[in-house]
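J.: One structure is given below, represented as structure tokens, and several questions about it will come after.
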Amino acid sequence: MLGFRGAFRYVHDPEVFKLELEAIKHVRNKLGHKNLHIMIPFVRTVEELVAVKKIMTEAGLERSNSFKLWMMVEIPSNVIMFEKFIEVGIDGVSIGSNDLTMLVMGTDRDNSEVASEFNEMYPAALWAFEHVVKTAQKHGVTSSMCGQAVSTYPELVRKLVSWGVTSVSVSPDAIENTRKLLIQTEKELLNR
């Protein structure tokens, strides 16, 4: 989880990242699928995001009205420094509830000895989610949440909507119930 991955890998092994960027350019420019955008995972520092954007620019992919740059928010530093990440220039974020909760709580949901401490509804995790969603909304940045939490906790869906989240990602078995809950929650907010 904390190894050679995400933005750090892109910066320290740019040739592999450039191959991925060429594939994106091929799909967008040769195959005409302009709805393909990019999301950078596990961005530890603002400087890493700057470096990734530089590599992208050198490869001929720049953030624009037709090409969106998103960033995963999975690390406490993303939450703490969120406005600095926004200043560098991103169009959207996806909050990875699993990784962010594990790192906020200092636990591992896949380790049976400490998994009981993994809790996306713990106040520290909720604070992080709320901070990101509200800050994103304040700056006109799209916000989304992925991970198991949205499928598991209807009360989290209600909170996310009230904070201003743009979208959520759920497991297939939770789509219908989540859709109904989103509609109900948005109606309640409109009728306040």
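The values are calculated or read from the model by the stated rules, or taken from the named source; none is laboratory data. For clarity, every value in this text was computed on a predicted model and none was experimentally measured. Positions of Cβ are backbone-derived with ideal geometry, glycine not excepted, and every protein chain shown enters the neighbour counts. Quick note on the areas: whole protein, heavy atoms, side chains included, nothing else; ligands and nucleic acids left out. Shrake-Rupley method; radii C 1.70, N 1.55, O 1.52, S 1.80 Å.
J.: Averaging sequence separations of C-alpha pairs under 8 Å and six or more residues apart, then dividing by the length of the chain, give the relative contact order as a whole percent.
T.: Computed value for the chain: 15 percent relative contact order.
J.: A further question on this structure: Which of LYS68/LYS180; LYS30/LYS53; LYS68/LYS134; LYS68/LYS187; LYS68/LYS138 have a Cα-Cα distance over 25 Å?
T.: Among LYS68/LYS180; LYS30/LYS53; LYS68/LYS134; LYS68/LYS187; LYS68/LYS138, the Cα-Cα distance tops 25 Å for LYS68/LYS180; LYS68/LYS187.
J.: Sticking with this one: Given R₀ = 41 Å, FRET efficiency for GLN148-GLU83 by Cβ-Cβ distance, to 0.05?
T.: 0.90
J.: Over all pairs of distinct alpha carbons, what does the Kirkwood formula give as the hydrodynamic radius of the chain, in Å?
T.: 17.7
J.: Okay, moving on. Assuming R0 = 30 Å, can you tell me the calculated FRET efficiency for the pair THR57 and LYS134, based on Cβ-Cβ distance, to the nearest 0.05?
T.: Computed FRET efficiency for THR57 and LYS134: 0.50.
J.: Quote the charge dipole size of the stretch 1-43 about the Cα centre in Debye, to the nearest 20; the model charges only the Cβ of Lys and Arg (+1) and of Asp and Glu (-1).
T.: Magnitude of the dipole: close to 200 debye.
J.: Among 80-92, 21-33, what's the highest-first ranking by average C-beta atoms within 10 angstrom per residue?
T.: Descending mean neighbour count gives 80-92, 21-33.
J.: Which order do the peptides 118-129, 146-157 take when ranked by the mean count of other beta-carbon atoms within 10 Å per residue, highest first?
T.: 146-157, 118-129
J.: Measure off, as a whole percent, the carbon and sulfur share of the 1.4 Å-probe accessible area of the chain, all protein chains present.
T.: 53
J.: Something else now. Whole-Å semi-axes of the stretch 69-164's equivalent ellipsoid, largest first, each the root of 5 times a Cα gyration tensor eigenvalue?
T.: 23, 15, 10
J.: Oh, and also: Give the shape of the stretch 1-101 as rounded, prolate or oblate, defined through the alpha-carbon gyration tensor: a ≥ b ≥ c are the square roots of its eigenvalues, a/c under 1.5 means rounded, and otherwise the shape is prolate if a/b is larger than b/c and oblate if not.
T.: Note, shape of the stretch 1-101 comes out prolate.
J.: Next question, about the same structure. Can you give the FRET efficiency for ASP110 and ASN29, using 1/(1 + (r/R0)^6), R0 = 45 Å, r = Cβ-Cβ distance, to the nearest 0.05?
T.: E between ASP110 and ASN29, to the nearest 0.05, is 0.70.
J.: Here's something else I'd like to know. Helix-only mean residue ellipticity at 222 nm, the chain, DSSP H runs n ≥ 4 weighted -39,500 (n - 2.57), per residue, nearest 500. What is it?
T.: The per-residue figure over the chain is -15500 deg cm²/dmol.
J.: Enter the accessible area per residue of the chain (Å², integer; probe 1.4 Å; all protein chains in place).
T.: For the chain, the solvent-accessible area averages 54 Å² per residue.
J.: So, one more: What are the residues whose amide H is under 5 Å from the amide H of VAL73, where those residues sit 5 or more places off or on another chain and H is modelled from the backbone?
T.: HN-HN under 5 Å from VAL73: SER94, ILE95, GLY96.
J.: Over what distance in Å are the Cα centres of the stretch 150-188 and the stretch 4-74 separated?
T.: A separation of 29 Å, based on Cα centres.
J.: Sticking with this one: How much net charge surrounds ILE40 when only other residues with a Cβ under 12 Å from its Cβ are counted (Lys, Arg +1; Asp, Glu -1)?
T.: Residues close to ILE40 contribute a combined charge of +2.
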